[in-house]
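Working notes, beginning with the structure itself.
The values are calculated or read from the model by the stated rules, or taken from the named source; none is laboratory data. None of these values were measured; they are calculated from a predicted model. Please note: Cβ atoms are built from the backbone with ideal geometry, for glycine as well, and neighbour counts cover all protein chains shown.
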Amino acid sequence: MTLQTPRPNDLPLTGDLAAIVGDGHVITDPAERAFYSQDVYSAGTLADLVVRPGSVEELSKVVALATSRDYAVVPRGGGMSYTSGYTPVRERTLVVDTQRLDRIIDINDQDMTVTVECGVTWRALWEALSAKGLRTPFWGPLSGIRATIGGSLSQNSTFFGAGQHGPTPESVLALEVVLADGTLVATGSGGTKGAKPFFRHYGPDLTGLFLGDTGALGFKARITLRLMKVLAHQAWGSFAFDERDAMAKAMAAIAREGIASECFGFDPGLQKQRMKRQSLMTDLNALKNVAAAGSSLVKGLTEAAKIAVAGRRFMDDVLYSCHIVTEARLQIAADTAMDDIRAIVKAHGGREIENTIPKVTRADPFVPTNSMLGPEGERWVPVHGIVPLSQAAETWGKIDALFASYADRCQAQGVETGYLVTTISTNAFLIEPVFYWPDARLEIHDRSVESAYLSKLKVHAPNAAAAGLVAEMRDGLKKLFLEQGAAHFQIGKAYLYREGRKPETWALLDAIKKAVDPKGLINPGSLGF
Ligand SMILES: Cc1cc2nc3c(=O)[nH]c(=O)nc-3n(C[C@H](O)[C@H](O)[C@H](O)COP(=O)(O)OP(=O)(O)OC[C@H]3O[C@@H](n4cnc5c(N)ncnc54)[C@H](O)[C@@H]3O)c2cc1C
C-alpha cells in the first residue's frame, strides 16, 4: 500500500468537514489514515481522510457533504472485523469513525427498551445495564470490549445469549439510519409521527432491512434494543468427545431443546492453541471475577476455589470439547436444564469434565482482544459458515477433508488450523475454521492487544508464502460454504454473497440500494455492490 497526501482539490473538503466536527476530528496524517484503512486481516486502499463526528447531527452533515462532492463514505465502528467490511476499495473515500457516538441515550425500565448511539461498545452497555439488573437478550460478541453495537448490527454477530435468543438482529427494535444524502430515517414504531421506538413490527420490517447490510445501505446512528431482566442463576457444563461427529450431533440436539444460553466447542487444533495461550495463571487472574460473579459471596468463592483445585490438567486427554451455560430465575431451573444436557451428552458418547472454561468466560465476558494474535505471535483469521443443525456434522467433515488436502503445504509453511463451533438459537450451527500463520503484524494488532501480552509475543517477518496459502484456503472455504448453502455474518467484501443470490433476490436488493444510495457512495464493494 502506498501512502498519499491529500490532493490540493481535497483541501476545501477538509476545511468544510472541520467546520462540522471540529479541527481535531478530521484526520489527515498518512500513518493514521493507513491505520483506519486496515482491518484485523488486511489493508485496503488508503482513505483520503478520516472523520470522527461527535453527534448524530454531525454524522448526517458529514455524509451529506461528502456524497455531494462524490466522495465515498465508509462506516467504521470498533474496527474488530476481518472481512474488509470497512476497508476502502477506491480513492476519494472518507472513513467515518463512529467511536465518539458513544452515548447511552435512554435506559427505560418501564418500557424495557434501551436506546444508544451506534458507537457504544457492548461492554459499556453491559456495565450500564447490569447495574440495573437488566440486559439485552443477545448481549455481545467476545470482542465486546471494543466492538460497537452499530458494527455488530451491521454485520450481525453471535455469542453471549445467542444460544437462546439468537444473533444481534433479534434483539433490535428500531433504528435511526443516515442515508447517502444525509437524511435521517426512523424504522419500527419509531417511524410513526411522535411515537416511541418500542416495537419493531409495524408494517414491513424496515429495521431488518438495514441489519447485516455491512454498512452498504446507510449509517446506523441510533439503535433501540429490547431489554429483559438479568437471570441471576447459572449452571455451567463442559464435556469431552472423542469424535467430531458425536460432538456436532450432541450440540445440535442441545440446541433443539433451546436451553443453553451459550453452547460452544473446540476441536483438538483450537484447543491446542488455547492451551498454549491460556495458562492456569490466566485462570487464576479470572478467579476474582468468578468469585464476584457468584449469585452469593459463598457461591462465588466456592466456584473460584473449584477452578484453582482443578487446574488445567483436565484438558490433557481431551480431543473435542464443548462448553455450556444455562441460566434461569431459580437455581433449580438452571441445574435441571444442565441435567437434561448431561443426558444428551451421555447419549452421544461424551463425558463431563471440569467446567472451568464456561465459568471463566462468563465471569469476565469482555476481556482484551489478545486472541487476535496466535499464542506465539502468529497472525490469526477466522472464516465461518452457518448451516442447519442437521447438516453440521456433514459440512464440518467436508471442511476437514479440504484441510487434509492441504496438510503437507500447511506443514511446510507453518500454517495451523482449528475450529470454534457454536449453536445459535434452536435452528443453526456455526462452524468457524480458524487459521494461524507466521507473518508480520499490522498496526491494528499493536493497538488492540494489551501491551504487556504483546511484549511477550514473537515478532514475525512478512511471510507472503504463508499468507498466500491462507488466502487460497480461505477462498476454498468460501466456495465450499456456498456449495453447502451456508449463511454468513460479516459478509463485508469477503463472502460470496452476491454470487450466491438468486437473480430475483439480487434484483430487489439492487433496487433498494439504488433507492437509498443512488450514486453508490456508501461503503462501495460491501455486500458485492
Ligand atoms: C478477538 C475477537 C473476537 C471476536 N469475537 C466475536 C464473537 O464472539 N462473535 C462475533 O459475531 N464476532 C466476533 N468477532 C468479530 C467482530 O469483532 C464482531 O463481529 C463485531 O461485532 C464487530 O464490531 P465492530 O464495531 O468492531 O465493527 P467494525 O469492524 O468496525 O465494522 C463491521 C462492519 O459494520 C460496518 N459498520 C460499523 N459501524 C456501522 C454503523 N454505525 N452503521 C453502518 N455500518 C457500520 C462497517 O462498515 C463494517 O462493514 C471477534 C473479533 C475479534 C478480533
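Within the range 381-390, being surrounded by fewer than 22 Cβ atoms within 10 Å (Cβ to Cβ), in a strand (DSSP E or B) and not aliphatic (A, V, I, L, M) holds for one residue alone: P382. Flag set for V120, criterion: in contact with a strand residue (DSSP E or B) (Cβ under 8 Å, 6 or more places away or on another chain), within 12 Å of the ligand (Cβ to nearest atom) and modelled with pLDDT of 95 or more. So which residues in the range 387-410 are within 15 Å of G269 (Cβ to Cβ) and β-branched (V, I, T), if there are any at all? Selection gives I399 alone.
Counting only residues that are over 14 Å from the mean Cα position of the chain (by Cα), closer than 20 Å to N156 by Cα and of a type in the set (S, T, N, Q), how many does the range 54-87 have? Total meeting the criteria: 1. Can you name the residue in the range 495-517 that is acidic (D, E), assigned to a helix (DSSP H, G or I) and within 28 Å of the chain's Cα centre (by Cα) and is also surrounded by the most Cβ atoms within 10 Å (Cβ to Cβ) among such residues? It comes out as D510.
Summed over the range 391-410, residues that are touching a Leu at 6+ places or on another chain (Cβ under 8 Å) and either assigned to a loop (DSSP other than H, G, I, E, B) or without any contact (Cβ under 8 Å) to a residue 12 or more places away in the chain (or both) total 1.
Summed over the range 85-117, residues that are within 14 Å of the ligand (Cβ to nearest atom) and either modelled with pLDDT under 95 or touching a helix residue (DSSP H, G or I) at 6+ places or on another chain (Cβ under 8 Å) (or both) total 11.
If you go through the range 437-455 and keep only what is part of a loop (DSSP other than H, G, I, E, B), crowded, with 19+ Cβ neighbours inside 10 Å and within 13 Å of the ligand (Cβ to nearest atom), you end up with L442, V449.
Is there a residue being touching a residue at least 24 places away in the same chain (Cβ under 8 Å) and within 15 Å of A250 (Cβ to Cβ) anywhere in the range 383-390?
Filtering the range 383-390 for residues touching a residue at least 24 places away in the same chain (Cβ under 8 Å) gives 383-390.
Then drop every residue that is not within 15 Å of A250 (Cβ to Cβ), which leaves 389-390.
Checked the range 383-390: at least one residue is touching a residue at least 24 places away in the same chain (Cβ under 8 Å) and within 15 Å of A250 (Cβ to Cβ).
Residues in the range 150-170 that are more than 6 Å from the ligand (Cβ to nearest atom) and either in a helix (DSSP H, G or I) or within 15 Å of Y82 (Cβ to Cβ) (or both): L153, N156, A162, G163, Q164, H165, T168, P169, E170.
Specify which of the listed residues (A174, A186, A147) is free of Cβ contacts under 8 Å to residues at least 24 places away in the same chain, touching a strand residue (DSSP E or B) at 6+ places or on another chain (Cβ under 9 Å) and closer than 27 Å to V51 by Cα. Of the residues listed, the single one that is free of Cβ contacts under 8 Å to residues at least 24 places away in the same chain, touching a strand residue (DSSP E or B) at 6+ places or on another chain (Cβ under 9 Å) and closer than 27 Å to V51 by Cα is A186. If only residues of the range 123-140 that are assigned to a loop (DSSP other than H, G, I, E, B) and surrounded by 23 or more Cβ atoms within 10 Å (Cβ to Cβ) are counted, the one that is nearest to the ligand (Cβ to nearest atom) is F138. When the residues of the range 39-84 are narrowed to those that are part of a strand (DSSP E or B) and under 14 Å from V96 (Cα atoms), which ends up farthest from the ligand (Cβ to nearest atom)? Across the range 39-84, the extreme among qualifying residues is L49.
Within the option set G265, G258, G203, being out of contact with any helix residue (DSSP H, G or I) (no Cβ under 7 Å at 6 or more places or on another chain) and over 19 Å from I149 (Cα atoms) holds for one residue only, G203. Among the conditions (1) more than 15 Å from the ligand (Cβ to nearest atom); (2) not in a helix (DSSP H, G or I), G190 misses just one, which is (2). The requirement of being over 23 Å from A162 (Cβ atoms) and either touching a helix residue (DSSP H, G or I) at 6+ places or on another chain (Cβ under 6 Å) or within 13 Å of the ligand (Cβ to nearest atom) (or both) is not satisfied by G520. Checked against (1) more than 20 Å from the chain's Cα centre (by Cα); (2) away from the ligand (no atom under 14 Å from the Cβ); (3) buried (at least 22 other Cβ atoms within 10 Å of the Cβ), L173 meets all criteria but (1).
Would a scan of the range 440-447 turn up a residue that is in contact with a strand residue (DSSP E or B) (Cβ under 9 Å, 6 or more places away or on another chain) and at positive phi?
No, that holds for no residue.
The rows are residues; the columns are (1) over 25 Å from V177 (Cα atoms); (2) touching a residue at least 60 places away in the same chain (Cβ under 8 Å); (3) part of a loop (DSSP other than H, G, I, E, B).
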residue	(1), (2), (3)
T417	yes, yes, no
T423	yes, yes, no
F435	yes, no, no
A461	yes, no, yes
M473	yes, yes, no
G485	yes, yes, yes
K519	no, yes, yes
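Please find, among M228, M251, the residue that is crowded, with 17+ Cβ neighbours inside 10 Å and more than 16 Å from the ligand (Cβ to nearest atom). Before the answer, list the steps.
Values: M228 fails: crowded, with 17+ Cβ neighbours inside 10 Å.
Just a single option satisfies the conditions, and that option is M251.
Residue pairs whose Cβ atoms lie under 7 Å apart, separated by 6 or more positions or on different chains, with the first residue in the range 85-99 and assigned to a strand (DSSP E or B) and the second acidic (D, E), are T93/D48; L94/D48.
Determine whether F314 is in contact with a Lys or Arg (Cβ under 6 Å, 6 or more places away or on another chain) and either modelled with pLDDT of 95 or more or surrounded by fewer than 23 Cβ atoms within 10 Å (Cβ to Cβ) (or both). No; evaluated as a whole, the condition is false for this residue. For the range 209-235, a tally of residues being among the polar types (S, T, N, Q) and free of Cβ contacts under 8 Å to residues at least 60 places away in the same chain returns 0.
Among the conditions (1) near the ligand (Cβ under 9 Å from one of its atoms); (2) under 15 Å from the mean Cα position of the chain (by Cα), K220 misses just one, which is (2). Here I444 does not qualify as within 30 Å of I324 (Cβ to Cβ) and out of contact with any Cys (no Cβ under 7 Å at 6 or more places or on another chain).
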